[in-house]
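Shown below is the structure under consideration.
Nothing in this text is a laboratory measurement; each read-out follows from the coordinates by a stated rule. Because the structure is predicted, anything quoted here is derived from the model rather than measured. Ideal geometry is used to build each Cβ from the backbone, glycine not excepted, and the neighbour counts take in all protein chains shown.
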Amino acid sequence: MPSSSAPAPKVTAKVLEKPGQLKAIARAGVGVDNIDLEAATAKGILVLNTAAASTLSTAEHALALMMSLARKIPAADAHVKSGQWKRQQLPGRAVRV
């Protein structure tokens, strides 16, 4: 699984020295701090990002993790993988709306 803390590729002034027909640089995620905005602007290259694109999936993932913890799924998974099955040791909480 790829690390979420892997550094983003840098789009430096050196990278943009010979941009060819490059018209835009789009960043999938929040921020454009890995892109030299001055150099891109000087070459007439549009720089943009997709800041809100993952908002819904991030919220869904956060809720899924909370549900998983409330139901003690990580502990139950480790318990079963260790060859045990003592349900009474893993009382999860009912999640009510």
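For the range 11-28, which positions are in contact with a strand residue (DSSP E or B) (Cβ under 7 Å, 6 or more places away or on another chain) and in a loop (DSSP other than H, G, I, E, B)?
Step one: of the range 11-28, the residues in contact with a strand residue (DSSP E or B) (Cβ under 7 Å, 6 or more places away or on another chain) are 11, 23-27.
Of everything in the range 11-28, just one residue is in contact with a strand residue (DSSP E or B) (Cβ under 7 Å, 6 or more places away or on another chain) and in a loop (DSSP other than H, G, I, E, B), namely Lys23.
From (1) loosely packed, with under 12 Cβ neighbours inside 10 Å; (2) part of a helix (DSSP H, G or I), pick out the condition that doesn't hold for Ala39.
Among (1) loosely packed, with under 12 Cβ neighbours inside 10 Å; (2) part of a helix (DSSP H, G or I), the lone unmet condition for Ala39 is (1).
Just wondering, is there one or more residues in the range 65-74 that are within 15 Å of the chain's Cα centre (by Cα), farther than 30 Å from Lys14 by Cα and surrounded by 11 or more Cβ atoms within 10 Å (Cβ to Cβ)?
Taking the range 65-74 and keeping what is within 15 Å of the chain's Cα centre (by Cα), we get 65.
This time we only want the ones that are farther than 30 Å from Lys14 by Cα, so: 65.
Checking which are surrounded by 11 or more Cβ atoms within 10 Å (Cβ to Cβ) leaves us with 65.
Yes, because at least one residue in the range 65-74 is within 15 Å of the chain's Cα centre (by Cα), farther than 30 Å from Lys14 by Cα and surrounded by 11 or more Cβ atoms within 10 Å (Cβ to Cβ).
Using beta carbons and a limit of 9 Å, which pairs, at least six apart or on different chains, have the first residue in the range 45-60 and on the phi < 0 side of the Ramachandran plot and the second one in a helix (DSSP H, G or I)?
Hits for this filter: Ile45/Ala39; Leu46/Ala40; Val47/Leu37; Val47/Ala40; Val47/Thr41.
Filter the range 42-53 down to residues that are out of contact with any helix residue (DSSP H, G or I) (no Cβ under 9 Å at 6 or more places or on another chain) and surrounded by 11 or more Cβ atoms within 10 Å (Cβ to Cβ) and give me whichever is farthest from Thr12 (Cα to Cα). Let's see the steps before the verdict.
Initial filter on the range 42-53 (out of contact with any helix residue (DSSP H, G or I) (no Cβ under 9 Å at 6 or more places or on another chain)): 42-44, 48-53.
Then keep just the ones that are surrounded by 11 or more Cβ atoms within 10 Å (Cβ to Cβ); that gives 42-43, 48-51, 53.
On the way: Ala42: 13, Lys43: 12, Leu48: 15, Asn49: 17, Thr50: 20, Ala51: 21, Ala53: 25 Å.
So the residue we want is Ala53.
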